[in-house]
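Beneath this line is the structure, given in structure tokens, with notes to follow.
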Amino acid sequence: MSVTRISVLALGIAGALAAGQVQAAGFQLKENSVKSMGSAFAGTAAKKGDSSVVVNNPAAMTQFEGTVVQADLTVIDLNYEFQGSGTDPLGRPLTGSNGGNAGDVTPVPALSIVHKLDNGVALGAMVSAPFGLKTEYDAGWVGRYAALTSDVKIVDLTLSGAIDITDRFSVGLGVIASRADVTLSKAVDFGSLLFANPATRPLPFALPQAADGTASVQGDDNGFGWLVGAHFRPTDALSIGVSYRSEIDYELSGTVDWTVPANVAAVFGANPGTAPLFRDGDALAKLTTPSILQVGASWQVTDAFALSATYAETGWSSLREVRIDFANPDPDSVEPFEWRDTYFAALGAEFKLNDTWTLRGGVAYDETPTSLAHRTPRLPDANRIFYAVGATWKVSDAFDVNFAYSRIEPRDPKIDTTSGGSRVAGNFDGNANLYGISAQYRF
């Protein structure tokens with residue numbers, strides 16, 4: 001039985017490690033600040049008064065006084081529905097539904113604290129989720145051989161420090177301790193695998209779609225990175241910020257769990273050459289999250305009105321492939337991605353309505369790192385537009401509450417992919433609604 005054929009049909013599950021959601025290009029999550037979300041994340045590297053700068057630009061921490069604690073919660077309502085069809089290796093239509101709504105409602109919390117010392121030094125800490133996803137298709141859907149479940153959680157603890165070099169210029173540095181936890185699955189067409197071997201082809205279940213199983217991989221690891229930033233205030237009304245976050249490497253170690261139909265397992269077990277295959281065991285995969293460069297500006301036009309802007313680049317080209325190494329004799333699974341670097345651009349505005357309320361809004365454009373040739377149902381990604389509104393309620397001189405809503409519309413996401421000889425092609429109807437609330441207390 002062909003080892004290459006086995007790898008293509010059954011082990012090509014690496015694609016899930018680079019899957020993502022609609023709220024940001026690739027599998028990036030920008031939602032670490034509700035206040036910033038209200039202006040479509042415009043000016044996040046330059047704005048003052050938002051303690052999420054611990055991760056967005058640590059140099060801006062010197063603009064605080066005393067101690068500031070901030071808690072953010074963003075709820076992402078992701079919607080993705082497939083509209084298309086597929087064919088098996090014999091050219092017959094793939095059976096199954098459209099998969100239902102592959103999205104989910106996912107909370108993304110963040111917690112930050114900044115303390116400014118009297119000597120121009122500021123210290124900060126933040127817990128946030130910079131990357132992640134959660135998508136799930138109905139069992140038996142038409143694209144089951146490409147994706148079923150994807151659950152990726154990456155959580156960072158960032159410790160940052162900053163110092164004023166002059167009255168108008170500060171620099172910052174941070175260290176990142178990161179935890180990645182990945183669980184993902186797909187269906188395996190064992191019927192096609194048996195059909196490909198002339199010796200097993202006469203079996204009644206040796207036909208594409210006649211003997212489905214599943215493969216599920218779980219892995220986790222810790223990674224470490226760093227970030228640097230600079231904050232320049234040429235005038236009292238204008239702030240400019242630049243920050244850079246490093247790549248972080250993970251070696252995800254865990255297990256693979258195979259579900260093999262009993263009749264197929266009996267066939268493999270009868271041959272010493274195939275008996276060790278498709279057995280539960282250990283697995284290892286390498287994953288690199290990309291670097292992120294941000295440039296932001298904030299301009300206080302009048303006492304009541306401000307404008308902000310951001311340009312950011314994400315180094316997705318570091319994700320060339322994902323390889324899963326199985327401890328059992330199963331061959332490595334290699335999934336090419338060939339992703340490209342992307343940019344994000346945003347414009348925002350803020351208006352102080354009165355001493356109690358401040359209103360804001362923004363629009364942004366986010367570029368996808370994927371191409372049609374390497375796009376799968378795990379990431380039916382496309383360039384997207386952000387539309388955002390938000391508000392701050394100043395409860396007292398020490399306490400603020402922020403609200404935000406963002407609507408994200410991808411531009412015609414579509415796929416045309418082959419997995420194990422089965423082809424799935426079609427469009428996705430996708431969008432995301434983001435609802436956020438945060439509170440900041442100063443003392």
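The values are calculated or read from the model by the stated rules, or taken from the named source; none is laboratory data. This structure is a prediction, so every number in the text was calculated from the model and none was measured. Because the Cβ atoms are built from the backbone with ideal geometry, glycine has one as well, and the counts that use them run over all protein chains shown.
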Completion exercise
When segment 309-323 is checked residue by residue, the ones that are surrounded by 19 or more Cβ atoms within 10 Å (Cβ to Cβ), in a strand (DSSP E or B) and modelled with pLDDT under 80 are 322
Exercise for the section: Please state which one of 244, 250 is buried (at least 20 other Cβ atoms within 10 Å of the Cβ), over 21 Å from residue 330 (Cβ atoms) and out of contact with any helix residue (DSSP H, G or I) (no Cβ under 8 Å at 6 or more places or on another chain). Expected result: 250
Handout entry: Hits in segment 351-388 (condition: surrounded by fewer than 21 Cβ atoms within 10 Å (Cβ to Cβ), of a type in the set (D, E, K, R) and in a strand (DSSP E or B))
Key = 352
Exercise for the section: Look at segment 390-418 and say how many of its residues are without any contact (Cβ under 8 Å) to a residue 12 or more places away in the chain and either basic (Lys, Arg) or surrounded by 15 or more Cβ atoms within 10 Å (Cβ to Cβ) (or both). Expected result: 1
Exercise for the section: Just one of (1) buried (at least 20 other Cβ atoms within 10 Å of the Cβ); (2) under 24 Å from residue 442 (Cα atoms); (3) of a type in the set (Lys, Arg) trips up residue 144, so point out which. Expected result: (2)
Practice task
Answer with yes or no whether residue 104 is farther than 22 Å from residue 345 by Cα, in contact with a helix residue (DSSP H, G or I) (Cβ under 7 Å, 6 or more places away or on another chain) and not small (Gly, Ala, Ser).
Solution key: no
Exercise for the section: State whether the residues of segment 192-203 include one that is in contact (Cβ under 8 Å) with a residue 60 or more places away in the chain and under 24 Å from residue 284 (Cβ atoms). Expected result: yes
Problem - Test set (1) part of a loop (DSSP other than H, G, I, E, B); (2) farther than 23 Å from residue 370 by Cβ; (3) under 25 Å from the mean Cα position of the chain (by Cα) - residue 35 fails condition number - result: (1)
Problem - Hits in segment 390-423 (condition: of a type in the set (A, V, I, L, M, F, W, C) and more than 18 Å from residue 380 (Cα to Cα)) - result: 391, 393, 395, 398, 399, 401, 403, 404
Problem - Filter result (within 23 Å of residue 325 (Cβ to Cβ), surrounded by fewer than 19 Cβ atoms within 10 Å (Cβ to Cβ) and either of a type in the set (Val, Ile, Thr) or at pLDDT 95 or above (or both)) within segment 272-303 - result: 274, 288
Exercise for the section: May I ask you to list pairs of residues, at least six apart or on different chains, whose Cβ atoms are under 7 Å apart, with the first in segment 252-274 being farther than 25 Å from residue 154 by Cα and the second being in a loop (DSSP other than H, G, I, E, B) and hydroxyl-bearing (Ser, Thr, Tyr)? Expected result: 267/200; 268/274
Handout entry: Single match in 85, 128 (criterion: part of a strand (DSSP E or B), small (Gly, Ala, Ser), more than 22 Å from residue 57 (Cβ to Cβ) and in contact with a Leu (Cβ under 9 Å, 6 or more places away or on another chain))
Key = 85
Practice task
Working only within segment 107-134, note down all residues that are surrounded by fewer than 24 Cβ atoms within 10 Å (Cβ to Cβ), of a type in the set (Val, Ile, Thr) and more than 19 Å from residue 224 (Cβ to Cβ).
Solution key: 108, 113, 121
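This table checks each residue for (1) touching a residue at least 12 places away in the same chain (Cβ under 8 Å); (2) surrounded by fewer than 24 Cβ atoms within 10 Å (Cβ to Cβ); (3) over 23 Å from residue 431 (Cα atoms).
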site: 78; (1), (2), (3): yes, yes, no
site: 102; (1), (2), (3): yes, no, no
site: 136; (1), (2), (3): yes, yes, no
site: 149; (1), (2), (3): yes, yes, no
site: 158; (1), (2), (3): yes, no, yes
Problem - Counted residues, segment 325-350 - those being surrounded by 15 or more Cβ atoms within 10 Å (Cβ to Cβ) and part of a strand (DSSP E or B) - result: 12
